[in-house]
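The values are calculated or read from the model by the stated rules, or taken from the named source; none is laboratory data. In this text, all values refer to a predicted model and were calculated from it rather than measured experimentally. Because the Cβ atoms are built from the backbone with ideal geometry, glycine has one as well, and the counts that use them run over all protein chains shown. SASA here: full protein model, heavy atoms, side chains in, ligands and nucleic acids out. Shrake-Rupley method; radii C 1.70, N 1.55, O 1.52, S 1.80 Å.
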Amino acid sequence: MARIELRNIQRKWGEFWGVRDVNLAIEDREFLVLLGPSGCGKTTTMRMIAGLEEPTEGEIVMDGEVVNGVDARDRDVAMVFQGYALYPNMTVYENIRFPLRMRRIPPSEHDARVRRAAEMVELSEFLDRKPAALSGGQRQRAALARAIVREPYVFLMDEPLSNLDAKLRQQMRVQIKYIQRKLQITTVYVTHDQIEAMTLADRIVVMKAGAIQQIGTPDQIYHDPANTFVAGFIGSPPMNLVAGRLEGGTFSAEGIRVDGLPDRLGGDVVIGIRPEDCTVADEGHLSAEVFGLEPTGDVTYLTLRAGDKLIEVKADRSYRVPLGSGATVAFDPARIYLFDAATGERLR
Amino acid sequence: MGARRGARGESRLIRYLILGSWALFCLAPVLWFLSIGLRPRVEIISPQPIYVPHLSLEAWHMIWEDWPMARYLRNSVLAIFGSVLIDLVLAIPAAYSLSRYRYRGRDDIGFYILSTRMMAPAIVAVPIFFLFRSAGLLDTIWALMIVYAAINLSLVTWIIRSYMLDIPKELEDAARTDGASDMRILVEIIIPAIIPGIITASVIAMIFAINEFLFTLLIASTPNAYTLSVALANFTGGSDGLIYNAIALVAFLAFVPVFLVVVAIQRHLSRGLTMGAVKG
């Protein structure tokens, strides 16, 4: 069993709030991703779980026991760092073995465990090398092997893939998820990359400015965003957000007019519509100048300029139109999100 | 193409010429006192220029046979290595604390340590003399070790600290989550990572120690504690007058080991010197 609870966690540096009012329960064997832009407090939250940082207030509970004040080395956590943090003077073998030595695991077990961990990350051939003689991907895998070698209570991964190129990142994503499923170890993963979050997580915690914005499964976060921040952060390209006025069920902003919205709501609102819920049509809600066209092969992204707003539309892969000409786009009214203009909270 | 290659060859020639002349300029005194050391006394004090010098081991025999030079050399070596050892034992934990822990007055303490270097030696000479006298350590190698260590401690601490600051914090965090104690982190992670810094600091400390004169003269009063640098003073007085060739030879002997060490580690040394200077 490995259940972690964060109760009213705060972390302040002087007047600066690193993390505020974080309440979170991480379930046994769950893969939880902390997602947010840099400086949102996700890494600080993870470091507090690791014991590398103490919360200013609040309790961290592991399996029913408050672990505040317990040193990092006495919490059974294994962490993978962004910069890998391999010990430069040791070989890969010694790096992987280091936690076993430190945790006083009987030396007779070391060799078998190191080799098993190395095999799991496909690093068996490189055990005699020093970290300096490894490629970025290999270093990453060595760091991963060092974390899994002692089968800890919880894995903590702090942007482990951010230094890799796109292709390698995709491969490592699959590998990390496979290993986590196989070892069934509770995992907390920090990233600013929403694709990583969507693909890896059982649940995502979206954070901003030290506070949790929303907790949910990737589907919930994507299809049911709690506010404009979450809506705009998730998705690639992200949701289009347009501020305007809603009156009698009709939304209007510069160049945009949408009927059939709930007439019980009114006033200044922001509507949200995902690029894939827009279609290029002869008649629609928005007619505007074509600002950009990005064919990617399997889909074409069309960017329209409505006033000072850029609207992203996912169009058919064969769609082509000259820049500067006009295009008309229809929205799926059922898929339009409404947010309060002042608070950003979701209305519908 | 050909002209270009020629120009490149020319510029390289000029570069070597400039560097070579500079090297010669710097080495001239060394070569000069080597040549003095290897010639008979009569020839050295002759006012006429001598174009073909006569090599003589007169001074060489004299310093080894008439003077306990081996003993001076041993004293030097023991005092210097002992002092560097003391410095490292004290400076490594101090630098670790200064570079890694957060506590009140940390920077002030760091500056205080550095400020001990700014003191004029003459100011503390007398108190140090009395201190060692009451401790019964006058005229011993132990006293030299302690004095050299004290003189160099600030510099050694500061250099090692600057190397430690270069080690990513992540490395320590990793070791901590892997279950390592502070001591283990220092011994297994930090120290191996700053070996170049430790070597640099040690060599710089050695250079200062081998050249130290004032305190050695103060503490050493017999061959018990005479070192090479003070032994030089032996050849400047007495009925024989100034024994130039012996002075030159002893100075050269004191210079050679340091020179060799510096050549061997010069890459680390320049890095260490600039880091110690720039970072803080």
Nearest 5 is fine: what % of DSSP beta bridges in the protein assembly as shown come out antiparallel, could you say?
75
Quick check: the angle from helix B:244-264's long axis to the longest principal axis of chain B, C-alpha only, nearest 10 degrees?
30
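Per residue, how much accessible area does the stretch B:63-278 show when a 1.4 Å probe rolls over the protein heavy atoms, in square angstrom? Spell out each step's value before the answer.
Numbers: 10260 Å² over 216 residues.
Value returned for the stretch B:63-278: 47 Å² of accessible area per residue.
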Looking at A:36, A:262, A:307, which one has the Cα that reaches farthest to the positive end of the dipole of the protein assembly as shown (charges on Cβ: Lys, Arg +1; Asp, Glu -1)?
A:36
With no solvent and one equal point scatterer per Cα, compute the Debye intensity ratio I(q)/I(0) for the stretch A:113-232 at 0.13, 0.19, 0.22 Å⁻¹ and report its log10, rounded to two decimals.
-0.57, -1.05, -1.28
Just name one of A:58, A:88, A:46: the one whose Cα is farthest towards the positive end of the charge dipole of the stretch A:1-106 (beta-carbon charges, Lys/Arg +1, Asp/Glu -1).
A:88
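Once you order the gyration tensor axes a ≥ b ≥ c over the Cα atoms, which shape class does chain B get: rounded for a/c under 1.5, otherwise prolate or oblate by comparing a/b with b/c?
Working: a/c = 2.68, a/b = 1.27, b/c = 2.12.
Cα axes put chain B in the oblate bin.
Dipole magnitude of chain A about its Cα centre, charges +1 at Lys/Arg Cβ and -1 at Asp/Glu Cβ only, in debye to the nearest 20? It would help to have the intermediate numbers written out before the result.
Values: 43 positive and 49 negative charges, 266 e Å.
The calculated dipole for chain A is roughly 1280 debye.
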Quick query: amide H of residue A:26 versus all other amide H atoms, modeled in the peptide plane; which residues come in under 5 Å with a sequence gap of 5 or more or a different chain?
A:4, A:5, A:6
Set of lysines near residue A:177 by C-alpha distance (under 24 Å), chain-local residues within fewer than 8 positions excluded:
A:42, A:167
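Relative to the present Cα-Cα distance, how much length would full extension add between residue A:257 and residue A:318 at 0.36 nm per residue of separation? Intermediate values should be presented prior to the final figure.
On the way: separation 61, 0.36 × 61 = 21.96 nm, distance 2.73 nm.
Contour length minus the Cα-Cα distance gives 19.2 nm.
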Using just the alpha carbons, could you tell me how many Å³ per residue the convex hull of the stretch A:4-232 encloses?
125
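Relative contact order for chain B: what percent, with Cα pairs under 8 Å and sequence separation of 6 or more? List each step's numbers first, then the result.
Working: 268 pairs, mean separation 78.9, N = 280.
Once divided by the residue count of chain B, the mean separation gives 28 percent.
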Once A and B are treated as a pair rather than alone, how much accessible area drops out, both sides summed, in Å² to 100, probe 1.4 Å?
1700
If one computes the Cα centroid of the stretch A:213-253 and of the stretch B:39-53, what distance in Å separates the two points?
96
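Stretched out fully, how many nm does the piece from residue A:177 to residue A:298 gain, at 0.36 nm a residue minus the Cα gap? Write out the running numbers ahead of the final one.
Numbers: separation 121, 0.36 × 121 = 43.56 nm, distance 2.61 nm.
Between residue A:177 and residue A:298, full extension yields 40.9 nm more.
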Drop in accessible area of at least 50 Å² in the complex versus isolated chain, residues of the stretch B:137-186, 1.4 Å probe:
B:170, B:171, B:173, B:176, B:177, B:178, B:179, B:184
Determine ³J(HN,Hα), in whole Hz, for all residues of the stretch B:149-162 in sequence, where each value follows from phi through the Karplus function 6.51 cos²θ - 1.76 cosθ + 1.60 and θ = phi - 60°; x replaces Gly and Pro.
4, 5, 4, 8, 3, 4, 5, 4, 4, 5, 5, 5, 4, 5
Along the stretch A:331-348, what does the Karplus equation 6.51 cos²θ - 1.76 cosθ + 1.60 (θ = phi - 60°) give for ³J(HN,Hα), rounded to whole Hz, x for Gly and Pro?
9, 7, x, 5, 9, 8, 9, 10, 10, 5, 5, 7, 9, x, 6, 6, 9, 9
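Return a whole-number percent for the relative contact order of chain A, with Cα pairs under 8 Å and 6 or more residues apart as the contact set.
Values: 745 pairs, mean separation 53.0, N = 348.
Relative contact order of chain A: 15 percent.
Would you calculate a helix-derived [θ] at 222 nm for chain B, using -39,500 (n - 2.57) for each DSSP H run of n ≥ 4 and dividing by the full residue count, to the nearest 500? Display every interim value, and only then the final one.
On the way: 13 runs with 203 residues, N = 280.
Rounded to the nearest 500, the figure is -24000 deg cm²/dmol.
Of all accessible surface on the stretch A:276-322 at a 1.4 Å probe, what whole percent is carbon and sulfur? The partial results should precede the final answer.
Working: 1170 of 2710 Å².
The C+S portion of the solvent-accessible surface of the stretch A:276-322 is 43 percent.
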Given +1 on the Cβ of Lys and Arg, -1 on the Cβ of Asp and Glu, and no further charges, what dipole in debye does the protein assembly as shown carry about its Cα centre, rounded to the nearest 20?
1800
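Once you keep just the Cα pairs under 8 angstrom separated by 6 or more residues, what percentage relative contact order results for the stretch A:160-305? Could the numbers behind the result be given before it?
Numbers: 178 pairs, mean separation 17.0, N = 146.
Result for the stretch A:160-305 is 12 percent.
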Between 0 and 90 degrees, rounded to the nearest ten: what's the tilt of helix B:266-278 against the longest Cα principal axis of chain B?
60
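For every helix of n ≥ 4 consecutive DSSP H residues, a contribution of -39,500 (n - 2.57) applies; sum these over chain A, divide by its total residues, and give [θ] at 222 nm rounded to the nearest 500 deg cm²/dmol.
-7000 deg cm²/dmol
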Along the charge dipole of chain B, pointing to its positive end and built from +1/-1 on Cβ of Lys, Arg, Asp and Glu, which listed residue (B:202, B:49, B:18) has its Cα farthest out?
B:18
Relative to chain B, whose Cα atoms define the longest principal axis, helix B:2-37 and its Cα axis are tilted in degrees, nearest 10, by 70
Per residue, how much accessible surface does the stretch A:4-232 expose to a 1.4 Å probe? Answer in Å², no decimals.
41
To the nearest 20 debye, what is the magnitude of the charge dipole of chain B about its Cα centre, counting +1 on the Cβ of each Lys and Arg and -1 on the Cβ of each Asp and Glu?
940
Restricting to aspartates and glutamates and to Cα separations under 14 Å from residue A:12, and discarding same-chain partners fewer than 8 apart, the set is A:21, A:53, A:54, A:57
